[in-house]
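J.: Mind looking over this structure? Questions follow.
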Amino acid sequence: MDDRLLAIQDLHTQFRTSDGVVHAVDGIDFDVRRGETVCIVGESGSGKTVTSESITKIIQMPPGAIPEGAIAFRDLETVRELADAFPTAVFDVADDSPADLAAGDDDQFVVVEERDGDEIARGYVDVVRAPPAALRHIRGGDIAHVFQNPQSALDPVYTVGWQIVEAIQLHEDVSKTDARDRAIDLLDRVGIPDAADRFDDHPHEFSGGMKQRVIIAMALASDPDLLIADEPTTALDVTIQAQILDLLKEIQRDLDMAILFITHDLGVVAEIADRVVVMYAGKVMERGDVFDVFETPAHPYTRALLECLPGRGDRMLSIGGSLPSVTDPPEGCRFADRCPHAVDDCVAGDQPPLHAVDGSDQRVSCVYYGEGYDETTVQTGFAAAREGATADGTTRVDGGDPPTSAETRANGRSRSEGDR
Amino acid sequence: MSDRPLLVVEGLQKHYPITSGVLKRETGRVRAVDGVDFAVSPGETLGIVGESGCGKSTVATSLLRLEEPTAGEVSFDGEDITDYGKRDLKRFRRRAQMIFQDPTASFDPRMTVGESVAEPLRIHGITDRQRRRNVVKDLLGRVGLSPEDVDRYPHEFSGGQKQRIALARALVVNPDLLVADEPVSALDVSIQADILELMNDVQREFDLAMLFISHNLGVVREVCDRVAVMYLGEIVEIAPTEQLFTDPQHPYTRALLGSIPRPDPRRRGESVTLSGDVPSPANPPEGCRFHTRCPEVIPPSDYDFDQREWRAVQDLRQRLHREPLDLETVRTAHTETDGADAPDDETLAAGVREEFGVPAELTDADAERVLAEALAAEVDGNHDCARERLDEAFVTPCERTHPDLQETDAGWAAACLLHDDQRRAVEQAADD
């Protein structure tokens, strides 16, 4: 059975700037299944936020644009509603063969794959091609967002309760009193103590963690199928972060809602994800089940990211180098420049395709998993590769940006004698 | 590391007045830092960790006298800097430098990196331009940049590189103490590791004493020799880093360590979740400041409580202490689920218990009687009676006695009544 709720294919999101076109998201694929939590993890500049904002097209266009790719939202109810509302935009795939996402006219964004009599039995809405009116239906209604900074997501001049009532009435035709009751319920649901009393409070009367709870309540107002949470706990203290993660897990269990969780923190990923997408410089480096990715990280970047985490008790290893240019991305693998295993094939052609790892769900974009390579080379660990390289005095393959600390020290000493 | 500490802080306080009215009368004070003691030796890194609002940054700014401390002594290299005049202060500030969280905000965008890094040298009396330039070039090399970067502008550098420059600027006057306030919090993990390595290196090279302030315990573990944990303006535990991580003595330290998400999906759900938010430092709780959230808060000896029950009862009691319960939420929740009309008092009381995670019946029969009475009074609208009943019966020693930072059996100091000596002292006092 197809339990995909969201299927992203070959998505490209670009921004035109004075320095050239920024390829923020450069051809990525992944799915989100119904009721699961998918984490997109990456450093700043990896394209994770742009990916999440492309899903409901809340990016500024222009300068932003999605020149290629498809974002298929497969919630049947939404497909039916939008097919009724936009009958001319329906594209029927006659036979049962899996539809090519690029099929159809540009304005035909409701794709029907299967009918049961008159009823649509299978299909999707292509968000990329959807017009603003259809997007308004999807945004907040079927797909809701929670952002990093709860401060800026709430209007300081209105009471918290009123803002939730507004969210409810936007998607449903209910009376003010009913909306008020629902709002109190929602506030109670997300763990605001004394919800009825707090209804008339203004945002500044809430702490950061409580504000984030209010935002979550607002997102839940329309009972969404997918919640996109972009770094929702990054601005919070660890003790409060733990509370919010618990809350999200609980809500997901109760409402059977899918969560797309964007974060830079691998600890948070391990805590909450079912599946993980590791992004780097606009590309997917690796994706798979959370246990596979953490226990047998396949891509050298994933490995490096895990090894540079501070405070694990083990030695912390820095990656070195810096992100490649976003306006003029290098040939080959985006990480090649900083990868200790990089060979000639890594710096030629396109980003390697997503190879399967041992027949599991795990996919990795690394040449070592292709034909003619031994994948165990990159699995021995970044640490070993690094140690070998620096111990015998040869320089490791990196951007040559900041030198390793050993070099820094040596240089510093020899140069310093005169002045100090 | 020499034996004599370079920096000794005793009883440091920084209170901010809360004023109101046209006359700006002081109506209260925010106790940002409320009496902290610690010492840092040459070559040593002391970490200060805590949640936002615990006063960790205020410790830094008030010990450097960027803000005047309200009370307390700070002695640096044997001299008390709190009564330094302008000249002495300038001399002191050459020896004690600071770097900040946001490397972008710490540079003048219109000055070249060379000018920015050379500025402290100029202020501290090196007039020869060429010599300044040479020193700066040398230092840029040492922090992992190129000496040629001296004529470039801050915007040409990435965040990590800017933090390297900030470090160069702090080191340029050859300080003895470096205070780093969240130096890597704005950076990506892969860059963080580089900067932390660099800081460790320069510290060794310059034999610097370092005060490293961070909310990130992982980062602290990488660079610090000892760590002080702060909560609401006070140090609750201070210990050698590894020991603190492996055998924390204070419940707050345990909770803080327990709430860091670990990069291991097999261990998910193991984190300790603290209830509630950090109380306001303008009105800190009596006794132990952590008792309002502490999962290990001590139950009264008259009753036989399960620890979890006791925490829940305390939460309920603290809530009642503030104001009457909001029964409307319980009522609406009830009518919606059961469809019944107005719920009776018993159902309401049960709803309240559920809300606070208090079991339907406490293990201790006496305690149960008190709680049932109080809840009955509350739903009956007799709030004062309910509050008094609970206050009278369910008092924790933690709210009566303020624990001092004392050496524990583990060999380092923690401020918690759970540690034997403290508890004995309290019990003895009660007997007398």
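J.: Please calculate the 1.4 Å probe accessible area of residue A:346, with all protein chains present, and give it to the nearest 10 Å².
T.: 10
J.: From the C-alpha gyration tensor of chain B, pull out the three semi-axes of the equivalent ellipsoid (sqrt of 5λ each), sorted largest to smallest, in whole Å.
T.: Each semi-axis is √(5λ); the values are 50, 24, 21 Å.
J.: Across region A:224-241, in residue order, what do the Karplus-derived ³J(HN,Hα) couplings come to in whole Hz, using 6.51 cos²θ - 1.76 cosθ + 1.60 with θ = phi - 60° and x for Gly and Pro?
T.: Karplus values, whole Hz, x for Gly and Pro: x, 8, 9, 10, 9, 10, 9, 6, x, 10, 5, 7, 9, 5, 4, 5, 6, 4.
J.: Treating the Cα atoms of the protein assembly as shown as identical point scatterers in vacuum, please give the log10 of the normalised Debye intensity I(q)/I(0) at q = 0.06 Å⁻¹, two decimals.
T.: The Cα Debye sum returns log10 ratios of -0.47.
J.: Antiparallel DSSP bridges in chain A: what percent, to the nearest 5?
T.: Around 60 percent of the beta bridges assigned by DSSP in chain A are antiparallel ones.
J.: Among A:246, B:304, what's the order by accessible area (1.4 angstrom probe), most exposed first?
T.: B:304, A:246
J.: Looking at B:332, B:321, B:371, which one has the Cα that reaches farthest to the positive end of the dipole of region B:319-395 (charges on Cβ: Lys, Arg +1; Asp, Glu -1)?
T.: In region B:319-395, that residue is B:321.
J.: Looking at chain B, which longest stretch skips every one of the GluC sites (Glu not before Pro) that is in a DSSP loop with at most 13 other Cβ atoms within 10 Å, leaving the sites themselves out?
T.: B:1-269
J.: Another question, if that's okay. Using a simple spin-label model with points 7 Å from Cα along the Cα→Cβ vector, what separation in nm is obtained for residue A:350 and residue B:111?
T.: Roughly 5.0 nm, to one decimal.
J.: Right, here's the next one. Name the long-range amide H neighbours of residue A:43: under 5 Å, sequence gap of 5 or more, or other chain; modelled H, no Pro or chain starts.
T.: none
J.: If you take the alpha carbon radius of gyration of region B:319-395 and divide it by 2.2 N^0.38 Å, what ratio comes out, to two decimals?
T.: Dividing the Cα Rg of region B:319-395 by 2.2 N^0.38 Å gives 1.09.
J.: Continuing with the same structure: Which residue fluctuates most in the GNM of chain B (Cα springs below 10 Å): B:397, B:263, B:248?
T.: Maximum fluctuation in the GNM of chain B, among the listed residues, is at B:263.
J.: Suppose every K and R has +1 on its Cβ and every D and E has -1 on its Cβ; what is the size of the dipole of region B:205-254 about the Cα centre, in Debye to the nearest 20?
T.: Computed charge dipole of region B:205-254: roughly 220 debye.
J.: For a test of the definition: using alpha carbon positions, the gyration tensor, and the 1.5 limit on a/c, classify region B:239-294 as rounded, prolate or oblate.
T.: Here region B:239-294 falls in the oblate category.
J.: Rank A:220, A:35, A:79 by how far each Cα sits towards the positive end of the charge dipole of chain A (+1 on Lys, Arg Cβ; -1 on Asp, Glu Cβ) and give me just the farthest.
T.: My answer, from the dipole projection, is A:220.
J.: Here is a further query. Using a Förster distance of 30 angstrom, determine the FRET efficiency expected from the C-beta separation of residue B:266 and residue B:363, and round it to 0.05.
T.: Between residue B:266 and residue B:363 the formula returns 0.35.
J.: Can you tell which of B:218, B:116, B:48 lies farthest toward the positive end of the dipole of region B:7-246, using +1 and -1 charges on the Cβ of basic and acidic side chains (Lys, Arg; Asp, Glu)?
T.: Value: B:116.
J.: I'd like the Karplus ³J(HN,Hα) series for region A:290-303: coefficients 6.51, -1.76, 1.60, θ = phi - 60°, whole numbers in Hz, and an x wherever there's a Gly or Pro.
T.: Those phi angles translate into 4, 5, 4, 5, 7, 8, 10, x, 8, 8, x, 5, 4, 4 Hz.
J.: What is chain B's relative contact order, in percent, from Cα pairs under 8 angstrom and six or more apart in sequence?
T.: It comes to 15 percent, rounded to a whole number.
J.: Greater than 26 Å separation of Cα atoms is the criterion. Which listed pairs, B:14/B:86; B:14/B:90; A:249/A:283; B:24/B:90; A:211/B:14, meet it?
T.: Checking Cα-Cα distances, A:249/A:283; B:24/B:90; A:211/B:14 exceed 26 Å.
J.: Let me ask something else. Name the residue, out of A:84, A:344, A:230, whose mean-square fluctuation peaks in a Gaussian network model built on chain A with Cα pairs under 10 Å.
T.: Top of the fluctuation ranking is A:344.
J.: If you take the square roots of the eigenvalues of the alpha-carbon gyration tensor of region A:171-241 and sort them as a ≥ b ≥ c, do you get rounded (a/c under 1.5), prolate (a/b over b/c) or oblate?
T.: oblate
J.: Moving on to the next point. Just to verify a number: what accessible area does residue B:321 come out at with the full protein assembly present, 1.4 Å probe, Å² rounded to tens?
T.: 100
J.: For the protein assembly as shown, what is the charge dipole size about the Cα centre, in debye to the nearest 20, if Lys and Arg each add +1 at the Cβ and Asp and Glu each add -1 at the Cβ?
T.: With only Lys, Arg, Asp and Glu charged at Cβ, the dipole is about 4600 debye.
J.: At a probe radius of 1.4 Å, what is the per-residue accessible area of residue B:95, in Å² to the nearest 10?
T.: Here the accessible area works out near 50 Å².
J.: What share of the DSSP beta bridges in the protein assembly as shown is antiparallel, in percent to the nearest 5?
T.: Antiparallel bridges make up about 60 percent of those DSSP assigns within the protein assembly as shown.
J.: Using helices alone, I'd like the mean residue ellipticity at 222 nm for chain B: each DSSP H run of four-plus residues gives -39500 (n - 2.57), total over residue count, nearest 500.
T.: The per-residue figure over chain B is -12500 deg cm²/dmol.
J.: Now a separate question. Kindly provide the helix-only [θ] at 222 nm of chain A, computed as the sum of -39,500 (n - 2.57) over DSSP H runs of four or more divided by all residues, to the nearest 500 deg cm²/dmol?
T.: -9500 deg cm²/dmol
J.: Calculate the all-directions average of the projected area of region B:7-246's alpha-carbon convex hull, and give it in nm².
T.: Over all viewing directions, region B:7-246 projects a mean Cα-hull area of 14.4 nm².
J.: Could you work out the Rg to Rh ratio of chain A, with Rh taken as the Kirkwood radius (inverse of the mean 1/r over all Cα pairs)?
T.: 1.01
J.: Among B:117, B:352, B:278, which one moves the most in a GNM of chain B with springs linking Cα atoms closer than 10 Å?
T.: B:352
J.: Rounded if a/c is under 1.5, else prolate if a/b is larger than b/c, else oblate: which is region B:89-201, with a ≥ b ≥ c the root eigenvalues of its Cα gyration tensor?
T.: Since a/c reaches 1.5 but b/c is at least a/b, the shape of region B:89-201 is classed as oblate.
The values are calculated or read from the model by the stated rules, or taken from the named source; none is laboratory data. Since the model is a prediction, treat every value here as computed from it, not as a measurement. As a convention, Cβ positions derive from the backbone with ideal geometry for all residues, glycine included, and neighbour counts pool all protein chains shown. The protein model used for the area step is the full one, side chains on, heavy atoms only, and it has no ligands, DNA or RNA in it. Shrake-Rupley method; radii C 1.70, N 1.55, O 1.52, S 1.80 Å.
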